[in-house]
Amino acid sequence: MTVLVTGGAGYIGSHMVLALVEAGENVVVIDNLSSGFSAMLPQGVPLFIGDAGDENLVEGVIAAHGVNAIIHFAGSVVVPASMRDPLGYYQNNTMTTRNLLAVAVKCGVPRFIFSSTAAVYGNPERVPVPEQAPTRPLSPYGSSKLMSEIMLHDTAAAHGISYVVLRYFNVAGADPQARIGLATLGATHLLKIAVEAASGQRPKIDVFGTDYPTPDGSCIRDFIHVSDLAQAHRAALAYLRQGGAPVTLNCGYGRGYSVLETIDAVRRVSGRNFAVQAAARRLGDIMTMVADTTRMRATLDWTPRYDDLDTIAAHALAWEEKLLRDRHGTLQQALSA
Ligand code: UDP
């Protein structure tokens, strides 16, 4: 009973691996280390450095470790980057998932959990967004994930795989004990940029769009703490082990905060008053994205522990400050190795 985590050395994947190890599960990781770091993995977790779409590699790992569930995180996640390099995103997200599914079928792996995204919805007609809302992605990133979802659905129906698709809203924060966190170089996500500003690593933060028809003019997002998200995956695994039917679930807290409110939370928890500058809207951005979490809460045995913006900001900041303090120390060396 081993769980294969693809992308397990990345931001969300590493929190998943930690949660599984702490729950006593056997875990094996495949990660090409394009944005992840082996230093994010707990001691003793086998890491195979390579592509989740490399069918020979994956087949060997599944056979050697008795894998009977796959949690597939490996992929690219930046909306603007996907606008510049659509084929790269279809390769790294869609094609990789296709190959991974082919191996899952070949090896008879019965359970599959897939990292999807709220970006599949495009601009929602209403918020909070339920799972049955139309899927009209505005970016190749969203399309690449939606295409993967469709492949999973069809493959599962044909070959009897049970699956859970988790559509993440905005994942943020870090391990509450600051053992791991977002270490990806050049990360563009709002809270990461804000904690970099709060810790003096950048002079200011730009707010991309202050003229949206929202209460304060900035975009609105539903932030979910990465450790709560990892626990949601554990609950999804338990659901599948109990024979749960294939399902697609939104993952958020069901509450929205504006970009400006989020920046304020970082100012508040850090006590630092960094500069905030209005900037032009960012291509591909969706105005308001908040999850309807009704189905997720009804399906999974899951209770969030960190449903609080200040807590999320504080954990992101604590991790960022640890990275900074350790700049010339072992963690940074391990991360840049
Ligand atoms: N954002 C911003 N300044 C930044 C980074 C992000 O104003 O330096 C905004 C971005 O335009 C979007 C929101 O914050 O409205 C969330 O962006 P992020 O990239 O974190 O996640 P996304 O929702 O695009 O997946």
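Looking for something crowded, with 16+ Cβ neighbours inside 10 Å and without any contact (Cβ under 8 Å) to a residue 40 or more places away in the chain - is there at least one such residue anywhere in the range 29-43? Yes, the range 29-43 has at least one match. What's the total number of residues in the range 1-31 that are more than 22 Å from residue 105 (Cα to Cα) and part of a loop (DSSP other than H, G, I, E, B)? Of the residues in the range 1-31, 5 are more than 22 Å from residue 105 (Cα to Cα) and part of a loop (DSSP other than H, G, I, E, B).
To keep it simple, each residue is scored yes or no on (1) open to solvent by less than 10 Å² (accessible area, probe 1.4 Å); (2) away from the ligand (no atom under 16 Å from the Cβ); (3) under 26 Å from residue 38 (Cα atoms).
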site: 99; (1), (2), (3): no, yes, yes
site: 108; (1), (2), (3): no, yes, no
site: 115; (1), (2), (3): yes, no, yes
site: 142; (1), (2), (3): yes, no, no
site: 177; (1), (2), (3): no, yes, yes
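Yes/no matrix, rows are residues, columns are (1) among the hydroxyl-bearing types (Ser, Thr, Tyr); (2) more than 19 Å from residue 166 (Cβ to Cβ); (3) modelled with pLDDT of 95 or more; (4) in a helix (DSSP H, G or I):
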position	(1), (2), (3), (4)
53	no, yes, yes, no
60	no, yes, yes, yes
74	no, no, yes, no
81	no, yes, no, yes
90	yes, yes, yes, yes
95	no, yes, yes, yes
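Looking across the range 238-259 at every residue that is open to solvent by less than 50 Å² (accessible area, probe 1.4 Å) and of a type in the set (A, V, I, L, M, F, W, C), the one that is nearest to the ligand (Cβ to nearest atom) is identified as 259. Looking across the range 306-324, not a single residue is at pLDDT 95 or above, hydrophobic (A, V, I, L, M, F, W, C) and surrounded by fewer than 16 Cβ atoms within 10 Å (Cβ to Cβ). Does residue 7 fit the bill of being farther than 22 Å from residue 238 by Cα, within 18 Å of the chain's Cα centre (by Cα) and touching a residue at least 40 places away in the same chain (Cβ under 8 Å)? Here the answer is no, as residue 7 does not meet what is asked. Considering the range 191-234, the residues that are open to solvent by 40 Å² or more (accessible area, probe 1.4 Å) and part of a helix (DSSP H, G or I) include one that is farthest from the ligand (Cβ to nearest atom), namely 234. Restricted to the range 122-140, and to residues there that are within 19 Å of residue 76 (Cβ to Cβ), in contact with a Ser or Thr (Cβ under 7 Å, 6 or more places away or on another chain) and not small (Gly, Ala, Ser), the residue that is surrounded by the fewest Cβ atoms within 10 Å (Cβ to Cβ) is 137.
The values are calculated or read from the model by the stated rules, or taken from the named source; none is laboratory data. Only a predicted model underlies this, so the values are computations on that prediction, with no experimental measurement involved. Note that we place each Cβ from the backbone using ideal geometry, even for glycine, and neighbour counts take in every protein chain shown. SASA here: full protein model, heavy atoms, side chains in, ligands and nucleic acids out. Shrake-Rupley method; radii C 1.70, N 1.55, O 1.52, S 1.80 Å.
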